[in-house]
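This report concerns only the one structure given below.
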Amino acid sequence: MNKKKVIRSFFYVSCLLVTVSSFCQQNEGYTYAPEFYVCQKLNSDDKMVIDGDIRDKAWQSATWISQLVDIEGDIKPKPLYDTKIAMLWDANYLYIAAELKEPHLWATMDKQDMVIFHENDFEVFLDPDGDTHHYGEIEINALGTIWDLLLSRPYRDKGRAIDTWNITDIKKGVKLYGTINFPSDTDDRWTVEMAIPWSVLEELNTHDGPPKHGEAWKVNFSRVQWQLDNTEQKYQKKIDSKTKKPFAEYNWVWSPQGVVAMHQPETWGIVIFGDQKSDMNPHIKEAKTIEKKIL
């Protein structure tokens, strides 16, 4: 299948699904405008070490998403803390890096497949074939604990989370700039690296192996952030005096959803895969044109 057919087939499926999508759940007057990102191929001369340190030469040449927004879009305030994200790929892995500014490093969940978003975390959502079904989610906290799960379909469509799905041979690293779970000081940030093997992502896609040049995926990134108190010299969720329950978490994302609902794949952002230093403008222009017609 040539480059144009790959993108066209991807968005044809999206077009079909949008007609029955959850846009009726969105805020009145909200206009979906997906973010676009070009994921370039890792330079063969650059060595990628997955240890959480994003100062590697490889990441210096990547394009960085410089800021997230509230999941509901511009109707809500901008995030309190900065976040930046980058992606790269090669024949074996999809690489993801993130830097999360954070004055209060906090994480206690230390076993795989715990429900990480009940604390602060960073999340990745991947729907390679864009059909809004059979997509993957990865959550990671500042301890490096991962929750990787497969969604048969969105929860709104009675989908279920399959916790037993594991990303075999995933590489991940976290680096802390501060002292975790120590409220007496102010921290700076934490950084994350992931290397996700194509051999696992093939389960979510229509073909084996790495993406083709010009191939487009539905992708989103999320950061869950809770308001904290340091009562009794330990972090706890801040309690609303009226409801006597913790304040709702902040949900900061790359491509806004219009509602507090991450599991709405048709309104995720779009990542287009390219070769090293290749001209991706034609692919981006075509993807944007097709997406505009859909909506």
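Worth pointing out:
- Net charge over other residues, Cβ less than 9 angstrom from the Cβ of D148 (K, R count +1; D, E count -1): -4
- Across the stretch 145-212, the volume of the C-alpha convex hull divided among the residues equals 156 Å³ per residue.
- Among the GluC sites (Glu not before Pro) found in the stretch 74-143, not one is both in a DSSP coil and sparsely packed, with 13 or fewer other Cβ atoms within 10 Å of its Cβ.
- Calculated FRET efficiency for the pair N230/H133, C-beta based, R₀ 41 Å, to 0.05: 0.45
- Per-peptide packing, taken as the mean over residues of other Cβ atoms within 10 Å, places 78-91, 151-164 in the sequence 78-91, 151-164 from highest down.
- The packing ranking of peptides 214-222, 63-71, highest mean first, is 214-222, 63-71, where packing means the average number of other beta carbon atoms within 10 angstrom of each residue.
- Other residues within the sphere of radius under 10 Å centred on the Cβ of D229, judged by their own Cβ, net out at +2 (K and R +1, D and E -1).
- In Hz, Karplus ³J(HN,Hα) per residue of the stretch 38-43 (6.51, -1.76, 1.60; θ = phi - 60°; x = Gly, Pro): 9, 8, 8, 6, 4, 4
- Förster-model FRET efficiency, 45 Å R0, S44 and K237, C-beta, rounded to 0.05: 0.45
- Cα centroid of the stretch 50-90 to Cα centroid of the stretch 123-195, whole Å: 15 Å
The numbers here are math on the coordinates, done by the rules we state, and not lab data. In this text the structure is predicted, and so the values were computed from the model without any measurement. Cβ atoms come from the backbone with ideal geometry, glycine included; neighbour counts cover every protein chain shown.
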